[in-house]
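Asker: Below: one structure in structure tokens.
The values are calculated or read from the model by the stated rules, or taken from the named source; none is laboratory data. None of these values were measured; they are calculated from a predicted model. Please note that ligands, DNA and RNA were not included when accessible areas were found on the heavy atoms of the full protein model with its side chains. Shrake-Rupley method; radii C 1.70, N 1.55, O 1.52, S 1.80 Å.
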Amino acid sequence: MLSLPHLTMVESSKLPWHNLSLKKALATVPDELRKAQLTIFVMVFMLNFLKFAAILPFATLNTHLVVSYSIGVVVTVIVLKLLLSRPQYLEILIHIALVLQLQGLWQSAFFGGNGLHIHTLLNIFMPIMWSFYGLGRRWGMIYSILYTLLVPVYLLHAHHAEIALHLLPLFMNFYSAVALIVIDFGIIITAHYYYQRALTRVMHHQKKLNNQLINLAKAKSDFLSAMSHELRTPLGVVVGTASLLQRDAHILDQRQHLDNLKFSSQHLMLLINDILDFNKIEQNKIELESIPFSLPALVKQVCLSFKDEVSAKGLYLDVWIADELSAIDVVGDSARFTQILYNLIGNAAKFTVHGGITVECHVLKKRVHDATVRLVVEDTGIGISPDRQEAIFQPFSQESAGTNRQFGGSGLGLAIVKNLIELHHGKIYLESSPGEGTRFHVDITFPITKAHAQETDLIDISQQFTPFNLKVLLVEDNAMNRYFIQQTLANWGVEVGLAENGKQALLLLERSPWDVVLMDLQMPEMDGFETVRQMRGSPNPAITRLPVIALTASASAETLSKIEESRMDGHVKKPFLPDTLYRVLKQYAR
């Protein structure tokens, strides 16, 4: 059902009925386009007086024309008064004017004996223009049909009745007709001018606002990037120190305190990572890698990382993986797929009090070059009510306020999961009922490769660190970070050299051989990027080919791109757990 456009009432006090000032009327209108509309229609009705002046002298012999144009003068005066005193009723006045004009045209063509001429066609074109400019597309189309219909109907009537068509109105002399047509064209030009001027102003204002939004988004991104470094660096020290103290703690109370400290610091680290990842998603700065990896090994390793948390709550964690997946490798971003799986299992563990979690990996369809994989994470937790199942994928949203108070969380996990799945061109489905648990389905199509990556034995690294032989140069300006990493590496039997900046690192590299360099990126005197640039340009082949692992608190797309362009061999995001660093360095062991 069609309805009149919404009328925006002015906030200022109403203008007096006797107001004749267009400037005062415009002062009550909120935006540029409405100001243009009001200006155009006031000027149109003002120019109508010139048209009446050109027509009436030649209409004195036609009583019908005298009455019609007299009524037109009265209506014009009334509409002008309303436009200037009650501009908030602009749309209603446009409707009234268009209906009266439509009635007048049909009556003049069929009953006034005037037929069709240039003035009639202009009076068809102008209302069509007013309807679009003043009322929008929907009403514009309706009035266009009603006005345009006059032409074919009259032509059919004229053809059968052998009525002649005329170039100029029959009741006017040549010069008056030309004056009338010129006034009509003047109205059209004036309308286009004012509306185009208003549109240009609005577009300029919109461009200015867009630039401000872009600058604000950049400032936000830069702020989060800087804060990530400031937060991750001390947090990394907390996590690392807790890990070191846990190794030496023998008193039960001390171990419990340290467990609480480590758990809280890791939880804070995950929260910071979620906030930064969500910021990158908002900025469209996440790019997926394409690296072959074993899906069964990845799923098992992620599930293994939840072993302690699930066991502490008395829950089971069952894993089932289709045999077909053991025979193929998929090509994709293993880190982002790990993040999807980690968030889903983490949510299941958080919201499940009794029972447990089941993780399944199926092959829905296998083709020559790709395979569609379905990941299922099912729990026996609190469930999600049907009316909240879409909302939980929105940022900062959970099943209910009570859920947030009882279980905590930022409400970003599933929003990140959904966006990462969409980046993979996949889909996520949800089945849940309150009190009956939740079942997530994730369908993603991966390219497959013939080269089968050897699946390594899974080790619970958090409990077992096997010493290995390696000589590492640690380049880090933060003293606490140097201490924590040095102590951690020493526990693994790794020989460690220390440098506080890039200049010191280059000197140490020339003096003795090394197996790996751990390179902080933000340092005084010479940062990590410049240091690696000079290493890769060194005449010493041992330094040129030396593996460099970046240590960075910023995981932004720009930073990762610069790491790749600098020909570094990998990166570890700070703060990191000893497990992560162990896996990276173990591959370089002699």
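Asker: If ligands, DNA and RNA are left out, what is the accessible area of Thr200 with a 1.4 Å probe, given in Å² to the nearest 10?
Answerer: Roughly 70 Å² of Thr200 is accessible to a 1.4 Å probe.
Asker: While we're looking at this one, here's another question. Tell me, what HN-Hα J-couplings in whole Hz come from the Karplus equation 6.51 cos²θ - 1.76 cosθ + 1.60 at θ = phi - 60° for each residue of the range 415-422, using x for Gly and Pro?
Answerer: 5, 5, 4, 4, 5, 5, 5, 5
Asker: Also, quick follow-up: Can you give the accessible area of Phe293, probe radius 1.4 Å, in Å² rounded to 10?
Answerer: Using a 1.4 Å probe on the heavy atoms, I get roughly 20 Å².
Asker: Something else now. Can you list residues from other chains, or at least 5 along the same chain, whose modelled amide H is less than 5 Å from the amide H of Ala371?
Answerer: Amide H to amide H, under 5 Å and 5 or more residues apart or across chains, Ala371 pairs with Phe446, Ile448.
Asker: As a test of reading the structure, rank Lys207, Lys586 by solvent-accessible area (1.4 Å probe, protein chains only), most first.
Answerer: Lys207, Lys586
Asker: Which pairs break 26 Å Cα to Cα here: Lys208/Lys280; Lys218/Lys350; Lys280/Lys503; Lys280/Lys307; Lys220/Lys573?
Answerer: Lys218/Lys350; Lys280/Lys503; Lys280/Lys307
Asker: Oh, and also: Once ligands and nucleic acids are excluded and a 1.4 Å probe is used, how much of His117 is accessible, expressed in Å² to the nearest 10?
Answerer: For His117, solvent-accessible area is about 10 Å².
Asker: Can you grab the distance from the C-alpha centre of the range 323-340 to the C-alpha centre of the range 520-590, Å, no decimals?
Answerer: Rounded to whole Å, the Cα centres lie 26 Å apart.
Asker: Looking at the range 318-386, send over the antiparallel percent of its DSSP beta bridges, to the nearest 5.
Answerer: In the range 318-386, DSSP labels about 70 percent of beta bridges as antiparallel.
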